[in-house]
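A.B. asks: Before anything else, here's the structure in question.
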């Protein structure tokens, strides 16, 4: 792949749909926010360099959203996606709005006892909990932007996304023009999209006017109002396409190394969703690469397999933490949700031209040779060697990591389980290569 074949913006825009899932927003939220934010930038006549920094801040504004998912679930004792979506329309820190939200969201869908306990937990946590949730999210998002090599102005816009004009936002309580301009634009743009999707455009503008001078920079609200009646613009939100919005004089090109970095960065986003998956994707990639190299796969195949391994669980961003972190047995409905995640991974990766070649590999990581896997119950004849390698690496890593329902197994205990499945559920050749890879580490530990 040459650097001119695909823009970096196309990859980031496509992968932003995974962030929408994590944040509980309708698919396309980041892209719609980007359209709105860049239109505000047009009204302000921002120079091209700053428009470029804003463009990526808008697409990656939720890059840290998975990092507070477990904390949201623990605080509210309810499904994190729903709680996050509900948060977006609450007028924090208005005490009346906050209290009503807490009453509705705490323990939603649970019994009375759990709801009372959840409300008590929230009452004790207070504003400090809100600051913590925002700080975790914004700091991690800024870290991801820096990892991807974006301008510091992009990272700072993400870090200050939830600051308010009147100084009552989070995480630092910045006030007025102390809040970076790009963060002010992004904060307004995302709020507008949320309200347009939830309540319609009229309600969105009513919200913006009510929060003018409190949440939002008054000049930015004025800029927003200048295209309030542009029906042609608002119609573009139905099928958001941001490919033409990146300033042509600041187009960022994509090469193989940058694509590797994107896979590494999004692996961190994926693994941050649950405390039980810390470094899971990275470790699966390390194991899969080791197996592939022992089996003599060529360098290009190994590189593609590594990307597939790093991104194989991107569909898990759609799974609530009430399921991911559940210590007990899953219900049939919960099991179905879990079994859907490889399909989500494949769909998301297929949106990215540069990653389409690995989409089917990632989507098959829970398939088994005898047809007992999921989601498609594929069998040996339809599973390629990279698919079979990834399945083995994923099983072994999961067995050797702590899970909410069991402690981590030793390498030998995990290998014993994998050996039992070799030849009928898991690829025997790949299991053999795994044993060769693990053996030196076992000897060193002995």
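Values in this text are rule-based calculations from the coordinates and carry no lab data. Just so we're clear, the structure is a prediction, and the values are computed from it rather than from any experiment. Positions of Cβ are backbone-derived with ideal geometry, glycine not excepted, and every protein chain shown enters the neighbour counts.
A.B. asks: Calculate how steeply helix 29-44 sits against the longest principal axis of the alpha-carbon atoms of the chain, using the helix alpha-carbon long axis, and give the answer as 0 to 90 degrees to the nearest 10.
C.D. replies: In the chain, helix 29-44 runs at an angle near 40 degrees to the longest axis.
A.B. asks: How big is the range 290-379 in terms of Cα radius of gyration and Dmax, in angstroms?
C.D. replies: According to the Cα coordinates of the range 290-379, Rg and Dmax are 14.5, 42 Å.
A.B. asks: Here is a follow-up. Hey, fewest Cβ within 10 Å first, where do 396, 405, 170, 276 land in order?
C.D. replies: Listing 396, 405, 170, 276 from fewest to most nearby Cβ atoms yields 405, 276, 170, 396.
A.B. asks: Just how far, in whole angstrom, is the range 370-440 from the range 20-38 if you go by their alpha carbon centroids?
C.D. replies: Each part reduced to its Cα centre gives a spacing of 36 Å.
A.B. asks: So which residue, out of 359, 238, 401, gets the largest mean-square fluctuation from a GNM of the chain using Cα contacts under 10 Å as springs?
C.D. replies: In the Gaussian network model the winner is 238.
A.B. asks: When a/c is below 1.5 the answer is rounded, else prolate if a/b is larger than b/c, else oblate, so apply that to the range 123-200 with a ≥ b ≥ c taken from the square roots of the Cα gyration tensor eigenvalues.
C.D. replies: Taking the square roots of the gyration eigenvalues as a ≥ b ≥ c, the range 123-200 is rounded.
A.B. asks: Ok, one more. How far is helix 201-210 tilted, in degrees, relative to the longest principal axis of the Cα atoms in the chain, given as a value from 0 to 90 rounded to the nearest 10?
C.D. replies: 60
A.B. asks: Based only on Cα atoms, what mean projected area does the convex hull of the chain have, in nm²?
C.D. replies: 22.3
A.B. asks: Note down the Stokes-Einstein diffusion coefficient of the range 8-231 in µm²/s, whole number, using a Kirkwood radius over alpha carbon pairs, 10 °C, and 1.306 mPa s.
C.D. replies: 90
A.B. asks: Taking the chain as the reference, fit the longest principal axis to its C-alpha atoms, fit the long axis of helix 428-445 to the helix C-alpha atoms, and give the angle between the two in degrees, 0 to 90, nearest 10.
C.D. replies: Result, in degrees: 80.
A.B. asks: What translational D, rounded to a whole number of µm²/s, comes out for the range 233-300 from Stokes-Einstein when the hydrodynamic radius is the Kirkwood one over Cα pairs, at 25 °C and 0.890 mPa s?
C.D. replies: In µm²/s, the coefficient rounds to 157.
A.B. asks: In the calculated pair distance distribution of the range 24-85, what percentage of Cα-Cα distances lie above 18 Å?
C.D. replies: So the portion of pairs separated by more than 18 Å is 48 percent.
A.B. asks: If you average the C-alpha positions of the range 136-182 and of the range 225-289 separately, how far apart do those two centres end up, in angstrom?
C.D. replies: Taking the Cα centre of each part, the range 136-182 and the range 225-289 sit 18 Å apart.
A.B. asks: So what's the range 372-446 giving for Cα Rg divided by 2.2 N^0.38 Å, two decimals?
C.D. replies: 1.15
A.B. asks: Arrange the following residues from fewest to most other Cβ atoms within 10 Å of their Cβ: 314, 389, 417, 40.
C.D. replies: Ranked by crowding around the Cβ, least crowded first: 417, 40, 314, 389.
A.B. asks: Another question about this same structure. What share of all Cα pairs of the range 256-445, in percent, falls into each consecutive 10 Å distance bin?
C.D. replies: 10, 38, 40, 12, 0
A.B. asks: Hey, another quick one. What number, in nm² with one decimal, is the all-direction average of the projected area of the convex hull of the alpha-carbon atoms of the range 142-301?
C.D. replies: Hull-based average projected area comes out at 13.0 nm².
A.B. asks: Here's a follow-up. Among 297-305, 48-56, how do they line up by average Cβ neighbours within 10 Å per residue, starting with the highest?
C.D. replies: Listed from highest to lowest mean packing, they are 48-56, 297-305.
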